[in-house]
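Below you'll find the structure, written out as structure tokens, and then a few comments.
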Amino acid sequence: MAALTMALPKGRLTEDALGCLARAGHAICSNGSGPSGPGGGVEAAAGVGRKLILESVDGQLRFVLAKPADVPIFVEYGAADLGIAGLDVLREAERDVYEPLSLPFGHCRLVVAGPAGRPERNLRLERSPKVATKFPRLAEAFFRKQGLAPEIIVMSGSVELAPLVGLADLIVDLVQTGTTLRENGLVELRVVMESHAVLIANRASYRLRLAEMRALIDALAAAV
Amino acid sequence: MLAQTFSVDRPLPEGVRDLLFADAVAIRGMASALRAIWRNWSYHEIILPTFEYAATLATDVGAEIDAEMYRFLDRQGRTLALRPDMTIPTARVIGTRLYDQAMPIRASYIGSVFRYEPPRAGRQHEFIQAGVELIGAPGRAADAEVVALAVAALHAVGLPEYRITLGHVGFFRGLLGALALPERLAGRLRLAVARKAEAEVADLLSSAGTVAAAARRALLALPRLTGSTAVLAEAEEVCLNPGMAHAIADLQASAKLLDAYGVADLVTYDLAEVRDLDYYTGITFEGFAPGLGTSLISGGRYDDLIGRFGPAQPAVGWALTLDQVLVAREMQGIVQPEPAADILVSVAARPESLAWVGEARARGLQVEVDPLGLEPEALWAAARGRGIPRVAWPDEVRGNREQEVGNRAQGTGSREQEIGTCGAAHDHGEQGAGPTTYSLVPTPYAGAWVVRDANGPRVLAAGDWEELARWLR
């Protein structure tokens, strides 16, 4: 039978995910996929290179490298049997997948932040705040829950910039240490959700290849 | 109302699509295969209306479907809706018309249903469901029959590989009853269990305050209670109340019967499958096939639905989405060829040879008659271009052409041909022939065909059906 396919997020989770897989006995094949010269960034440091599809040394797993927000899509559609995704991305995407294992890395929080000089006032007194974010669904739900009608501005990067140039009043974005916020003169106002990495599984694959899936999940659970 | 004109940029609204030729053959083929199965199992087909009163279809037991319905108004301003599934209309029929009939009733259906749902896995807003309902039979024999029939259906529609996952809402309901959690927490717990998120279940449990040790143990075990019949034994050990025990007993009885049906190998058990908890009242099941990330058949026992429309009746059934089977079959390497004739026949030279065509069709051959009056070479090229593997023309066509070539060499034929073409265009009655001119020089029809396939041309006597059959092989 073909190898199980796992979708891995390119970016901040890559290194920890690969480390976890290696400890579970599924190191990525270094053959032809080593650091690929300048510009390799995090992936190169982790030995992934620029290939998009890789195999584990033991040949039991195939890896698809995807943008973090796309990992739940690969898994929901069954293009990947398994995936590693941040809980933030997972809740934003609302994809129909199993989440059998919580992984102890990629800890961060999704927060509402605003300019440091902004007058201190209760969020509930806002009229209809303009909110820049990469997480429109979660941001909308958060403000709606406060009874507010936010104007959500969907961005695909550099969200911190928005309040600085008057594009938005507030942002909803991921924070790990808070350094980026501080450097841009922003302060954290509310926590929308705490996030960490999660192993996700396709519903059909989980049924059709239960034994292989369970073995892998248990191996990963033992390795974390 | 908004005036709308046809636009080539957007000829179709979202949610609907055309299924052409090969896809239509595949869908109708599946329907035929299913009807054959239903006949053997004595399920009788019903044809249901495409729309009904929205209030009929918007049952409180199917709240999710309610939000997805296409609604519109009739001339009196009453709200109608396109059927979002077939089970609710079937329940309405049973509750209002067939309630005093001898039970059980075994009904089957095939038809389009309509839901505002994002396209997923080959499914648009309109998709085709085929399904069965076994009404008036409570109990395990009915449960097992319907699951076994689901397996038979998945086999019949031509899926090489598939699995059924069987669960029971009574187990989780009983567990929730034992836990007695606040409603909000119970809702979050249900979502976590549905995702098999073990860590989340544990977190929620720790926020629940004091929970009896046995209930804690049962809940933490739940996300892992999936697999062979062995999980039923495991589940039996953590049962806390008669509701949970009854659910396990139902599944164990079904397992035994499914073994007798010969389908036990294809069934996985899963007690953490807790979707549609409000709709179903007993067993629930789904079917999966490799390549399709989602389930393509789902069903279960719903004893509370028919009572909405008339006297209550126990019922169990399933619905299979044919659009998804189409995708799943392709993912498993089954390609439905474009439909094409067995043979393309030219009769332009000899209209009387249509009698032979008629006989060939009566013998089951798929025969296409060339309406363009193509010459043999062009006929062969046309057949190849359209995936038709063979052509045939009356033997005389070749003979006539040779004769014509001879005439042309003498400087007379080409003029005759021009006249003939004009004549045919002005007077369609003449010999019933198209724009060809070969029949200008009549020769007796010898009753033979020149047939041609990839191996080249050969001559076949028109009456020699045995030889024809050999050639077709």
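Structural remarks
- Gyration tensor (alpha-carbon) shape descriptor, the stretch B:75-136, a/c threshold 1.5: oblate
- Between the listed residues B:Y70, B:T56, B:S42, the Cα displaced farthest toward the positive end of the dipole of the stretch B:32-74, a dipole computed from Cβ unit charges relative to the Cα centre, is found at B:S42.
- Estimated distance in nm for a label pair at A:M193 and B:R224, the labels positioned 7 Å out from Cα along Cα-to-Cβ: 2.6
- DSSP H segments from chain B that extend 18 Å or more along their own axis, Cα-based, with Kyte-Doolittle mean of -1.0 or above: B:21-41, B:140-156, B:242-261, B:413-426
- The stretch B:192-243 shape via C-alpha gyration tensor axes, a/c threshold 1.5: oblate
- Cα→Cβ-extended label distance, 7 Å offset, between B:R190 and B:E466, nm: 7.2
- Annotation: peptides B:158-165, A:169-176, B:25-32, ranked by per-residue average of other Cβ atoms within 10 Å with the highest first, follow the order A:169-176, B:158-165, B:25-32.
- At full extension, B:R473 and B:V369 could sit 35.4 nm farther apart than now, given 0.36 nm per residue minus the alpha carbon distance.
- A straight line joining the Cα centroids of the stretch B:3-68 and the stretch B:304-321 runs 19 Å.
- Highest-first arrangement of A:187-199, B:447-459, B:166-178, where packing means the average Cβ count within 10 Å: B:166-178, A:187-199, B:447-459
- Chain B: radius of gyration and largest Cα-Cα distance (Dmax), Å: 31.7, 111
- Among the residues of A:203-213, the average count of other protein chain beta-carbon atoms within 10 Å of the residue beta-carbon is 6.
- Total formal charge among the other residues, if their Cβ is under 11 angstrom from that of A:G83, Lys/Arg +1 and Asp/Glu -1: -3
- Cα long-axis angle, helix A:136-145 against chain A (0 to 90 degrees, to the nearest 10): 50
- Cα shape, the stretch B:41-157, gyration tensor, a/c 1.5 rule: oblate
- For the residue pairs A:K67/A:K130; A:K134/B:K196; A:K10/A:K145, the alpha carbons lie more than 30 Å apart in A:K10/A:K145.
- Computed over protein heavy atoms with a 1.4 angstrom probe, the accessible surface ordering of B:H155, B:H246, largest first, is B:H155, B:H246.
- Per residue of B:195-206, other chain Cβ atoms within 10 Å of the residue Cβ number 4 on average.
- Rounded to the nearest 20, the Cβ-based charge dipole of the stretch B:17-151 about its Cα centre (Lys and Arg +1, Asp and Glu -1) stands at 280 debye.
- Beta bridges by DSSP in the protein assembly as shown, antiparallel share as percent, to the nearest 5: 75
- The C-alpha atoms of chain A define a longest principal axis, and helix A:14-23 lies at about 30 degrees to it.
- Virtual spin-label span in nm between B:L48 and A:R127, 7 Å along Cα→Cβ: 5.1
- Full extension of the chain between B:S32 and B:M103 yields a length gain of 22.9 nm, computed as 0.36 nm times the residue separation minus the alpha carbon distance.
- Straightening the chain between B:F6 and B:A55 buys 14.3 nm, computed as 0.36 nm per residue apart minus the Cα-Cα spacing.
- Ranking B:P89, A:L170, B:G111 by how far each Cα lies toward the positive end of the dipole of the protein assembly as shown (charges on Cβ) leaves A:L170 at the top.
- Förster radius 25 Å - calculated FRET efficiency between A:R50 and A:A3, Cβ distance, rounded to 0.05: 0.75
The values are calculated or read from the model by the stated rules, or taken from the named source; none is laboratory data. Keep in mind that what you see is a predicted model, and the values were worked out from it rather than measured. Cβ sites come from the backbone with ideal geometry, for glycine too, and all protein chains shown count toward neighbours. These area figures cover heavy atoms from the full protein model, side chains too; ligands, DNA and RNA do not enter into them. Shrake-Rupley method; radii C 1.70, N 1.55, O 1.52, S 1.80 Å.
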